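These notes concern the structure reproduced below.
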């Protein structure tokens, strides 16, 4: 089961929660100072430490096709840097589809967990479980003063990045994201658009995460992010309500038109998909439309990312056939068990 | 590395001049470098006329990177220190913006402390640790939290609570042989 096939708390605003821990082995250099022999040694050591039963499966990530690697990044199970990288590297996945261990990303080991909805504690617990398993078998680089030692000094300390993927159409359309970004910056948090800085095709999806990793414990970091997220959820819901009340007909029209396009369009490109996703998801949360769920829409969004489509449809050869497959996938997933069409 | 003048602060300014074959080098903290600049001891203008050799220009360009320290006004004169595990020099760390290996953080701890403090606002970890460090880490966190508590109690003029926490802190330190002070 993949994370986006499940539902979670506060799903109208929070798409997913993620935690990543950066860990390194003592006695091995970082990054380009590692030769292939050392890389293979590290992969073997991490594999031995984790894959001792059926709970974790090992994949030689370098042997995957480019499409498969990019698709994994689009599903948020690996980082784009890991997907695009070169040289020996491995991915270890948990059977429940929530935890992913990237071996030889920027650090020797990056534990990443992703859980649906607002579930930071759950994501952290899962990451800690893997961390403890690694720690019981391997010598993890650590300094009493600086904490976990990482390739980049920005990750020193806990080596932890906790984040929530938020759906913020109300906040985005009220023009307050920039202001929010400034406010979050002052308290050591950061906000990024899902499709990268300054991109318009982001479906109103934003990732909020901690910036500082040194001098603040894991629990404090999670607690702070949780507190701020709760406040943002309330704010977002109020802004959506206000937006609807200002002109219910216009908003209903936009939602239903987007839904109509999803049902009947023959070609949909990525940018249009983000817009449709955002409009219909907003409509679902406001009760404007009830024949589709937020979870279904998340599944559509991820399932229609370019490389995921190419991986899952052998007919996809170029941009045109991809847009066609996207429109077909949207229709198919809308008429799934949860859909009423 | 400590400033060779005040012997208190970390040296962040490294200077070397070579006039008619006569060389002179200094490793100073920002404060002492300022004083030296004011009384004309450091010819910082020489930076701009190509008098110094290429490495300076090379390193100078990296000031925007994460390892923007130390600030060089001349090029480093001491034989370059190398990390015993990966062989990286501090110059390598500056140009890459990242450490070469875990050991680099110990090798270049003096040089890196201001950068780390600039990024995180502190140079002291709180939180999780590998099991081999766990007991010690928990104790340190406990001491830190007691110290914070004492300060808060004193601020609130709750001297009874402050005394209680102080006794607890003393007991822990005595037990630990004072090594975590």
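Read-outs: derived from the displayed coordinates by stated rules, not from any lab. This is a predicted model, so every value here is computed, not measured. Here Cβ is always computed from backbone atoms with ideal geometry, including for glycine, and neighbour counts include all displayed protein chains.
Across the range B:131-176, the fraction of Cα-Cα pairs farther apart than 12 Å, rounded to a whole number, is 61%.
Here the scattering of the range A:1-134 is modelled by Debye summation over its C-alpha atoms, one equal scatterer each and no solvent; at q = 0.10, 0.14, 0.20, 0.21 Å⁻¹ the log10 of I(q)/I(0) is -0.31, -0.61, -1.18, -1.28. For the protein assembly as shown, the alpha carbon positions stretch 84, 64, 53 Å along the principal axes, listed from largest to smallest.
Per-residue Cβ neighbour counts within 10 Å put A:79, A:285 in the sequence A:79, A:285, beginning with the fewest. Distance from the C-alpha centroid of the range A:79-144 to that of the range A:275-341: 29 Å, rounded to the whole angstrom. One compactness figure for the range A:75-148 is 1.17, namely its Cα radius of gyration divided by 2.2 N^0.38 Å. When both the range A:20-71 and the range B:90-104 are represented by their alpha-carbon centers, they are found 22 Å apart.
Using a ≥ b ≥ c from the Cα gyration tensor of the range A:3-238 (square roots of the eigenvalues), is it rounded, prolate or oblate, where a/c under 1.5 gives rounded and otherwise the larger of a/b and b/c decides, a/b for prolate? In terms of gyration-tensor shape, prolate. Shape analysis of the range A:117-164 places it in the oblate category; the axes a ≥ b ≥ c from the Cα gyration tensor give an a/c of at least 1.5, with a/b not above b/c.
Peptide B:101-110 has a mean of 6 when you count, residue by residue, the C-beta atoms of other protein chains within 10 Å of its C-beta.
With all pairs of different C-alpha atoms in the average, the Kirkwood value for the hydrodynamic radius of the range A:1-71 is 15.8 Å.
Can you classify the range B:79-123 as rounded, prolate or oblate using the Cα gyration tensor, where a ≥ b ≥ c are the square roots of its eigenvalues, rounded means a/c under 1.5, and otherwise it's prolate if a/b beats b/c and oblate if not? It is prolate, given that a/c is not under 1.5 and a/b is the larger ratio. Under the definition of Cα pairs under 8 Å and six or more residues apart, what whole-number percent is the relative contact order of the range A:247-334? Contact order relative to length: 36 percent. Taking every DSSP helix (H) stretch of at least 4 residues in chain A, weighting each as -39,500 (n - 2.57) and dividing the sum by the residue count yields a mean residue ellipticity at 222 nm of -14500 deg cm²/dmol. Angle between the Cα long axis of helix A:36-50 and the longest principal axis of chain A, 0 to 90 degrees, nearest 10? So the inclination is approximately 70 degrees. Per residue of peptide A:211-220, the mean number of Cβ atoms on other chains within 10 Å of the residue Cβ is 5.
Ordering A:191, B:172 by the number of other Cβ atoms within 10 Å of each residue's own Cβ, fewest first, gives B:172, A:191. Roughly how tilted is helix A:319-334, in degrees to the nearest 10 and between 0 and 90, from the longest Cα axis of chain A? It is inclined by approximately 80 degrees. For chain A, averaging the sequence separation of C-alpha pairs within contact (under 8 Å, six or more residues apart) and dividing by the residue count gives a relative contact order of 20 percent.
To the nearest ten degrees, helix A:177-186 and the longest principal axis of the Cα atoms of chain A are 30 degrees apart. Of the residues B:148, A:54, A:133, B:98, the one with the fewest other Cβ atoms within 10 Å heads the list, and the complete ranking is A:54, B:148, A:133, B:98. Report the residue, chosen from A:331, A:231, A:161, that carries the largest GNM mean-square fluctuation when chain A is represented by alpha-carbon nodes joined by springs under 10 Å. Maximum fluctuation in the GNM of chain A, among the listed residues, is at A:231.
Across the alpha-carbon atoms of the range A:247-334, the computed radius of gyration and Dmax are 13.0, 44 angstrom.
Mean partner shielding of peptide A:24-34, defined as the number of other chain Cβ atoms within 10 Å of each residue Cβ, is 5.
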